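All remarks here apply to the structure that follows.
Quick note: the coordinates plus some simple rules give every number you see, no bench work behind them. Fair warning: this is a prediction, and the values are worked out from it, not measured in the lab. Ideal geometry is used to build each Cβ from the backbone, glycine not excepted, and the neighbour counts take in all protein chains shown.
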Amino acid sequence: MHTILTADSESMGRVAANLAAKALKEAIEERGQANLIVATGASQFEVLGHLVAAEGIDWSKVHGFHLDEYVGLSIEHPASFCRYLKERFVDHVNLAAFHYLSGDKDPQKTIASVGVILSKTAIDVALVGIGENGHLAFNDPPADFETEEPYLIVELDLPCREQQVGEGWFASLTDVPTHAISMSIRQIMKTASIICSVPDRRKADAVKATLEGDVCPEVPASILNDHAATTLVIDLAAASKLSASTRNQIEEL
Ligand SMILES: O=P(O)(O)OC[C@H]1O[C@](O)(CO)[C@@H](O)[C@@H]1O
């Protein structure tokens, strides 16, 4: 995994968005279209802000896929990932299509219908983050590294649900849904180019475990070490617990 260290979340977002824009333009040039997976959460604020402002992407040739969503939240809820993506991404670009995961009515039906399309699609770029508990999408530890299903309905663990309260998406723990739709680990790993953006000191332990520990289901994001073309973009705060030898191997911008 190639890791890039940036000063702060703003420069992290700019670097990640530039990488994504380049990969999307190359895919459009080569194949006439591009397929993109989009994540949500605090880690994607700056990434999506820079990406929608990027020049030279023919968005009408881009098909978007949604990484994960809570079960039971309507798009009216402030923490809805559908709402987040609509407001921060889809409304700003003229996409060929965006495949939302609506988790409020019939999540099984949603994952069946979007999953069929996703299974037949070669994804060029995935924008992802890492949770405080090391999760990748909503695959909390221990994550299922084996399933071939494109999407799963998962139970969220306590640290994951506490993170959502800590970030201010929900007023209390009881408001956080207990289940979510998540793209599976194997499906994410099929992406040609993964761009994983991780800002903030809250993520320092997860970043350390991802870069310095074993690849194991207990650290779901560690699987990215087995991917041929992942770039991890972190800021100084997220890198604050890395060893000196890891720091020496990281590209600093
Ligand atoms: O960006 P956050 O809120 O720190 O979360 C990291 C990752 O976790 C998810 O938000 C799921 O909680 C992903 O969509 C995101 O990439």
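Quick one: Karplus J couplings for the range 102-119, per residue in order, coefficients 6.51, -1.76, 1.60, θ = phi - 60°, nearest Hz, x for Gly and Pro?
8, x, 8, 9, 9, x, 4, 5, 4, 5, 5, 6, 6, x, 4, 5, 4, 4
Which residues' amide hydrogens lie under 5 Å from the amide hydrogen of VAL233, considering only partners 5 or more residues apart or on another chain, with H built in the peptide plane?
ILE4, CYS196, SER197, VAL198
In debye to the nearest 20, how big a dipole does the range 171-214 give about its Cα centre with +1 on each Lys and Arg Cβ and -1 on each Asp and Glu Cβ?
About 140 debye.
Using a Gaussian network model of the chain with C-alpha springs under 10 Å, which one of GLY115, GLY131, GLY166 is most mobile by mean-square fluctuation?
Of GLY115, GLY131, GLY166, the most mobile in the Gaussian network model is GLY166.
Among GLN187, ALA34, HIS227, whose Cα projects farthest towards the positive end of the dipole of the chain, with charges put on the beta-carbon of Lys, Arg (+1) and Asp, Glu (-1)?
ALA34
Below 26 Å Cα-Cα, how many Lys pairs turn up in the range 18-151? Only count pairs eight or more apart in sequence, or on different chains, if you could.
Close lysine pairs under the 26 Å cut-off: 13.
Whose amide H sits under 5 Å from the amide H of TYR151, counting only residues 5 or more places off or on another chain, with H placed in the peptide plane?
SER184
Just to check I understand the Karplus step: with θ = phi - 60° and J = 6.51 cos²θ - 1.76 cosθ + 1.60, what whole-Hz values come out for the range 92-100, glycine and proline as x?
9, 9, 9, 6, 5, 6, 10, 9, 6
Can you list residues from other chains, or at least 5 along the same chain, whose modelled amide H is less than 5 Å from the amide H of GLU218?
Placed amide hydrogens put ALA143 under 5 Å from GLU218.
Sort out for me the Cα centre separation of the range 43-86 from the range 179-253, rounded to whole Å.
Between the Cα centres of the range 43-86 and the range 179-253 lies a distance of 21 Å.
Cα extents of the chain along the three principal axes, largest first, in whole Å?
Computed over the chain, the largest-to-smallest principal extents equal 48, 46, 33 Å.
Give the cross-link partners of LYS208 among the lysines, using a straight C-alpha distance below 19 Å as the criterion and excluding same-chain residues fewer than 8 apart.
LYS241
Length gain on complete extension for the stretch GLN108 to THR178, per 0.36 nm per residue less the alpha carbon to alpha carbon distance?
Separation in residues times 0.36 nm, less the Cα-Cα distance, equals 23.6 nm.
Using the Karplus curve 6.51 cos²θ - 1.76 cosθ + 1.60 with θ = phi - 60°, work out ³J(HN,Hα) for each residue of the range 43-51 in order, rounded to whole Hz, and write x for Gly and Pro.
Using θ = phi - 60°, the values come out as 5, 9, 3, 6, 4, 5, x, 6, 5 Hz.
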